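The values are calculated or read from the model by the stated rules, or taken from the named source; none is laboratory data. Since we're looking at a predicted model, the values are computed, not measured. All Cβ positions, glycine included, derive from the backbone under ideal geometry; neighbour counts span all protein chains shown.
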Amino acid sequence: MDDVSLPDWVTQADSTDCSKSFHSFMRMAAQNAFMNVMVQEVASLCGPAYHPATNSKHQRAGSAPGYYLFGTEEFSIRKPRVRKDGEEVRLKSYVAAQNRDELRNAMLRAFMANVSTRDQKPLFKEVSGTSRSEVSRLWKNEGLKFIEQLRSRDLSESSYLVLMLDGIGLGDDLCAIVALGITEQGEKHILDFQIGASENREACSDLLHRIEERGFCPRHRLLAVTDGSKALRSSLRKKWPAVIIQRCLIHKERNIKGYISRRHYGELHRLFTRLRKAQGIKAAEECLADLRRFLRNKNEEALNSLEEAGDELLAVHSLEVPSTLNRTLLNTNCIENPFRNVRAKIGRVKRWRPETDMAGKWLAYALLTAEKGFRRIAHYEDLKQLAERLKDLSTPPPEEGLEKASPSMVDSKPQREYNP
């Protein structure tokens, strides 16, 4: 083998077998290199073959069946044995050749690409340690790293203008609330998530408390966008009393559709589209008045659903910021889009175990994967005007003797009255 060069080895094969011959050559070359390293290590411990070192405590002890890993493949060999004081010595070269990092990474990639645990063994043929239980143990350890990676990030390094909250159902009696932040530069970051039975106040409060502990502290008044959940809104106001809450118009349109006939969907969508494109509070109020007139003669419950949202439907319009930001700030699509990636990743999970951190591992992995494809929001340059507006609306520092205000409410400029 040592006398055959790589070009000769490849050119001797037919064109159809060229690739197979090349890989065979590489495997044999790797095996020879590995065996040479082991032979040299044994010689350094015991001395040359048939000429043992007189001052060494190590002795050769024949050979035994063994194996080494080349990439994700496993090959059998005869490994030399060395003893010291009657006990087996593990050769460093042999231990290194059994490193399974590359195999584990390949198994993890396959698992995250929806290859089931039972299908891993056929995928990595003739390799030990690829059983269903081994793959499960691998994910149990590696999945924790995704949660750690997400929750170990310092949120104080970025200045956030907008906080979005939305929930995703994972299964029966299992829901996740996800928080996403938008910085002054238009960057979107997954902040954290909380698993619970529903979008309840306790789960949301825990989520907000955790991101605050990690450094989430808006410099000025905070703009929050939610799907309309009472628990989310209540928790937001408890954490930041001066928060400005914008109701997601897409969720509201979807809710109203549940009360009216399908033949009115087109007109309803046209009116909501006008509202989403409106510039400023005056134009938005005109659009909202048209919506009220349209629903008044269609269904009373639909009108009540619209009125229930109150001024939260027009919170962003009230800020008088450019309508170019409406596309991002009038809905929770920044979270809904990553949810598509989450559903694609967890689609094969048939039974969740709420008593474990199973859901957290999958959710952290899917959200971090989705975040890799994040781009800055459309017309992010207009966020400067939003930042200035939120700064102007911030509450001034409290007078001496009064209770200290929340950091999100403090600003050096005089307070200007604002009712979102």
Taking the conditions exactly as written (farther than 24 Å from Gly167 by Cα and either out of contact with any helix residue (DSSP H, G or I) (no Cβ under 8 Å at 6 or more places or on another chain) or in contact (Cβ under 8 Å) with a residue 60 or more places away in the chain (or both)), does Ala289 satisfy them or not? yes
Give the residues of segment 316-341 that are farther than 29 Å from Gln385 by Cα and at pLDDT 85 or above, sorted by residue number. Phe339, Arg340
Only one of these conditions is not met by Glu320: (1) in contact with a strand residue (DSSP E or B) (Cβ under 9 Å, 6 or more places away or on another chain); (2) in a loop (DSSP other than H, G, I, E, B). Which number is it? (1)
Return the only residue of Ala289, Ala283 being on the phi < 0 side of the Ramachandran plot, out of contact with any His (no Cβ under 8 Å at 6 or more places or on another chain) and in the same structural domain as Asn255 (by TED's automatic domain parsing). Ala289
As an exercise: evaluate Leu367 against (1) under 23 Å from Cys248 (Cα atoms); (2) outside the structural domain of Thr273 (by TED's automatic domain parsing); (3) in contact with a Gly (Cβ under 7 Å, 6 or more places away or on another chain) and give the number of the one condition it does not meet. (3)
So which residues in segment 339-394 are among the aromatic types (Phe, Trp, Tyr) and under 18 Å from Leu165 (Cβ atoms)? Phe339, Phe374
Of the numbered conditions (1) assigned by TED's automatic domain parsing to the domain that holds Asp192; (2) more than 25 Å from Arg233 (Cβ to Cβ); (3) in contact with a strand residue (DSSP E or B) (Cβ under 8 Å, 6 or more places away or on another chain), Tyr380 fails exactly one; give the number of that condition. (3)
Can you tell me which residue in segment 226-268 is nearest to Leu390 (Cα to Cα), limited to those that are crowded, with 17+ Cβ neighbours inside 10 Å and hydroxyl-bearing (Ser, Thr, Tyr)? Thr226
I'd like the residue in segment 103-132 that is farther than 21 Å from Ala359 by Cβ and of a type in the set (Ser, Thr, Tyr) and, out of all such residues, is surrounded by the most Cβ atoms within 10 Å (Cβ to Cβ). Thr130
